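Read through the structure below, which is laid out as structure tokens, and then see the notes.
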Amino acid sequence: MNTLKKQMINKVPEVTIFFWIIKIMATTVGETAADFLNENLHLGLTNTTYIMGILLVGVLFLQFKASRYIPSLYWTTVLLISVVGTLVTDNLTDHFGVPLEISNIVFSLLLAITFFIWYVNEKTLSIHSIFTRKREVFYWLAILFTFALGTAAGDFIAESLHMGYWKSALMFAIAIGIVTVAYYRFKLHVVLSFWIAYILTRPLGASVGDYLSQPHHAGGLGLGTMGTSAIFLFVILTLVIYLTKTKKDQMPFTHEK
């Protein structure tokens, strides 16, 4: 393996308990921050999309330019993709009148196509093998589609099917629990387990975010989008600082191809 590959391998964190905690919280912030900017700050959906889209492009440029995994940069990218993924779905629904059922189908197909092309070209979907620019492009594209899909799925189940936010969150949490048991008890393939869980954490986080932020009459706890975003961002920042200092999520060198 050449020097570039060895350097690139460290641009993705190891999948630890910290990874999942930050990921779920990032998905929650993606939901509440998008609503806060759009509604509370009165930027509007279009302006919010432009602003967050430009920020995401800038951070992605830095992420691709980096030669190693940097916790603050990586998780900032995830946070911004979470927000943009939410805005993509919201734009389709609010501006173009696309039903959530259609959005779920479209994003599921786009995600499946991304995985298919990724696997055909690279023969693996493992995040332990993100050591080329091409694989990094596939990786972030897949993540964007998981966020957009998760937003559509969460909104569809909680709102269109009238299940409510906390029941939706519980349902997705149980689904993740089933995947976890299938992995540890029945040896479900590690890569398949990861991506299923990764996809499910998005609607889980979205449902949790809506439940915490929405007013009581809408079925939420009424913490507001600003309060919910601030709490979760504080926890994320604390964990990222901790990981930066301890390097507990640094992925070890591997010869996986």
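Label positions at Val137 and Thr244, each projected 7 Å from the Cα along the C-beta direction, are separated by 3.0 nm.
For trypsin sites (Lys or Arg not before Pro), the sites in segment 106-151 that DSSP calls loop and that have at most 16 other Cβ atoms within 10 Å are Lys123.
Accessible area per residue for the chain, computed on protein heavy atoms with a 1.4 Å probe, is 49 Å². Rounded to the nearest 0.05, what FRET efficiency do Tyr119 and His216 have when you use their Cβ-Cβ distance and R0 = 45 Å? For R0 = 45 Å, the calculated efficiency reads 0.45. Fully extending the segment from His189 to Leu237 would add 14.1 nm, taking 0.36 nm per residue of separation and subtracting the current Cα-Cα distance.
In the chain, the C-alpha radius of gyration followed by the widest Cα-Cα span (Dmax) gives 17.8, 59 angstrom.
Solvent-accessible area of segment 139-203 (1.4 angstrom probe, protein heavy atoms only): carbon and sulfur portion equals 75 percent.
Pull out the extension gain between Tyr50 and Ala175, defined as 0.36 nm times the separation in residues minus the alpha carbon to alpha carbon distance; nm, one decimal.
Values: separation 125, 0.36 × 125 = 45.00 nm, distance 3.41 nm.
Extra length from Tyr50 to Ala175 when fully extended: 41.6 nm.
Note on Glu101 and Glu39: their simple-model spin labels are 2.5 nm apart, each label 7 Å out from Cα toward Cβ.
Per DSSP H run of at least 4 residues, take -39500 (n - 2.57); add these up for the chain, divide by its residues and hand me the 222 nm value, nearest 500 deg cm²/dmol.
Numbers: 9 runs with 186 residues, N = 257.
Using -39500 (n - 2.57) per qualifying helix, the result is -25000 deg cm²/dmol.
Using alpha-carbon pairs under 8 Å, 6+ residues apart, how would you state the relative contact order of the chain in percent? Here the relative contact order equals 31 percent.
Report the FRET efficiency, 1/(1 + (r/R0)^6), for Ser108 and Phe64, where r is their Cβ-Cβ distance and R0 is 30 Å, rounded to 0.05. Numbers along the way, then the final one.
Values: r = 27 Å, r/R0 = 0.89.
E(calc), rounded to 0.05, equals 0.65.
The values are calculated or read from the model by the stated rules, or taken from the named source; none is laboratory data. The model shown is predicted, which means the values in this text are computed figures rather than measured ones. When we count neighbours, we look across all protein chains shown, and the Cβ atoms used for this are built from the backbone with ideal geometry, even at glycine. Side chains included, ligands, DNA and RNA excluded: accessible areas come from the protein's heavy atoms. Shrake-Rupley method; radii C 1.70, N 1.55, O 1.52, S 1.80 Å.
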